[in-house]
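J.: The structure that follows is given in the form of structure tokens.
Just so you know, all these numbers are worked out from the coordinates, no wet-lab data involved. This is a predicted model, so every value here is computed, not measured. Neighbour counts run over all protein chains shown; Cβ positions are idealised from the backbone, glycine included.
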Amino acid sequence: MNVTSKFPTVVLLSLISAVAIVFAAEPTASVSADAALAKLKEGNARYMNSKVSAGKPTATRRAETAQGQHPFAAILGCADSRVSPEIVFDQNIGDIFVDRNAGNLVDDHTLGTIEYGVEHLGVRLIVVLGHERCGAVQAAVASDTAPGHVQSLVRDIQPAVQAVKGKPGDQVHLAVVENARLMAEEIRSKANLGDLAKDVKIISAVYDLDSGKVDFGKE
Ligand SMILES: [Zn+2]
């Protein structure tokens, strides 16, 4: 039995219209790239200077966001348990569109996620967030091979490792900075953002595990 015999064409068309209306209800843009960056910097300063968690009103925010999300920034970060974007930027649920993997690497899934965030959620700022002493980068600095699927991480961090080889300074630190920069460049060159690209800012930043500070560098 095929689908159309169960769902007459008219029903299917109604469903398609309903989906279109849901997407149409999303805003085209809510917060500009510069305003979003200022919000992240303010949030990180709050986080750095807080001795205890701010205690977000999550129940209220959950109710506010249950029917739709309007995040003001997208962050590609590392899976590292110490670098949760919502926490280090002192934000709540619904505030940041987050994609994470070990080494904050860009693949097709990442690009699709970012394109969706820009086109359908109105995100105009994309931050690739690396961090000091990143285990994935440490592994890539130590060797260009690794067991299992970790190999795919080590392989994709190699361009950063090779780019900083021989430069003065800590190789892991240099590779962390370079890897985040290269991944931002990768998004810039590969993401299909169409006409929206002119309003979108894509930058890299590095999180310091000790101070809690996010260094946005030269942006
Ligand atoms: Zn990491």
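J.: Okay, helix-only estimate at 222 nm for the chain: each DSSP H run of n ≥ 4 adds -39500 (n - 2.57), divide by all residues, round to 500 deg cm²/dmol; what do you get?
T.: My calculation for the chain gives -15000 deg cm²/dmol from helical runs alone.
J.: Then there's this: If one takes the longest principal axis of the Cα atoms in the chain, at what angle in degrees, from 0 to 90 and to the nearest 10, does the Cα axis of helix 108-121 lie?
T.: Long axis of 108-121 versus the principal axis of the chain: about 50 degrees.
J.: For helix 150-164, what angle does its Cα long axis make with the longest principal axis of the chain, in degrees from 0 to 90 and rounded to 10?
T.: Once rounded, the angle reads 50 degrees.
J.: Hey, another quick one. Of the beta bridges DSSP finds with both residues in the chain, what % are antiparallel, to the nearest 5?
T.: 10 percent
J.: Further question: Which order results if M48, M183 are arranged by neighbouring Cβ count within 10 Å, fewest first?
T.: Going from least to most buried by this count: M48, M183.
J.: Which of K165/K201; K56/K198; K41/K201; K39/K201; K41/K198; K41/K165 have a Cα-Cα distance over 26 Å?
T.: Over 26 Å apart, Cα to Cα: K165/K201; K56/K198; K41/K165.
J.: Output the relative contact order of the chain, whole-number percent, from Cα pairs under 8 angstrom with separation of 6+ residues.
T.: Rounded, it is 22 percent for the chain.
J.: Roughly how many nanometres apart are two label points built 7 Å out from the Cα toward the Cβ at Y116 and R46?
T.: 2.7 nm
J.: So, with +1 on the Cβ of K and R and -1 on the Cβ of D and E, and no other charges, what is the size of the charge dipole of segment 63-219 about its Cα centre, to the nearest 20 debye?
T.: 400 debye
J.: Separate question: Return the long-range amide H neighbours of V98 (sequence gap of 5 or more, or a different chain), with a cut-off of under 5 Å between placed amide H atoms.
T.: I75
J.: Which trypsin sites (Lys or Arg not before Pro) from segment 132-211 combine a DSSP loop assignment with at most 14 other Cβ atoms within 10 Å?
T.: For trypsin sites (Lys or Arg not before Pro) across segment 132-211 that sit outside H, G, I, E and B with at most 14 neighbouring Cβ atoms in 10 Å, the list reads K165.
J.: Between A197, A136, A63, find the one with the highest GNM mean-square fluctuation for the chain; connect C-alpha pairs within less than 10 Å.
T.: So, out of A197, A136, A63, the one fluctuating most is A63.
J.: As I understand it, the value is the acute angle between the Cα axis of helix 9-24 and the longest principal axis of the Cα atoms of the chain; what does it come to in degrees, rounded to 10?
T.: 50 degrees
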